[in-house]
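J.: The structure that follows is given in the form of structure tokens.
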Amino acid sequence: MGISPDKRSTRIVEVAGTVSISKTIKWVKGEFIQGATKTSSSRRTITLPLDIIDELLAAKKHELVFPREDGGYLHLGTLRKDFNKVIRKAGIPRIRLHDLRHLNATMLIGSGTNLKVVSSRLGHSNVSITAKVYAHVTPQMDRDATNLLADRLGLR
């Protein structure tokens, strides 16, 4: 994937519409080191919408999804800086790049995706990690729960 430290290397499969996370790239003592993922659960293949796969393939240079101009690994600080520029330009309140992971989990859970599926996509070995750290309750989720309860009780 070409980002560091401790980010996963990816392989995009166009036909299947999947991304495989299989390696870790870390910045250690001034150099990039490629190795195994932290856990076996971290090695995974997830399906993405084909529009996103197309965008990733269009942006892909060399073997990396997000390389430097010379094809080398992109340092996480550079990616963060570029991400912050895009966020600022879009008028979105400042968020961390990692917050997109929380947003992804919250959106999936809020749309009714099974917690085990969300956990697997995030690379967690246990759904309790996903539930504890990533399952944020939004006001809309609370309203939906109230409406569901009212429907079940025959109040609407």
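J.: Averaging over all projection directions, find the projected area of the Cα convex hull of the stretch 113-154 and quote it in nm² with one decimal place.
T.: For the stretch 113-154, the mean projected area of the Cα convex hull comes to 3.4 nm².
J.: Mind checking the dipole of the chain: about its Cα centre, +1 per Lys or Arg Cβ, -1 per Asp or Glu Cβ, Debye to the nearest 20?
T.: Approximately 500 debye in magnitude.
J.: Here's something else I'd like to know. For the stretch 72-124, what does the equivalent ellipsoid look like in terms of its semi-axes, each the square root of 5 times an eigenvalue of the Cα gyration tensor, given largest first in whole Å?
T.: In descending order the semi-axes read 26, 16, 6 Å.
J.: Cα atoms only: what Rg and Dmax, in Å, come out for the chain?
T.: Every Cα atom of the chain included, Rg and Dmax give 18.3, 64 Å.
J.: Taking the 0 to 90 degree range and rounding to the nearest ten, how far is the long axis of helix 99-110 tilted relative to the main principal axis of the chain, both from C-alpha atoms?
T.: Around 30 degrees separate the two axes.
Every number in this text was worked out from the coordinates using simple rules, so none of it is lab data. Worth saying up front: this structure is predicted, and the values here are computed from it rather than measured. Because the Cβ atoms are built from the backbone with ideal geometry, glycine has one as well, and the counts that use them run over all protein chains shown.
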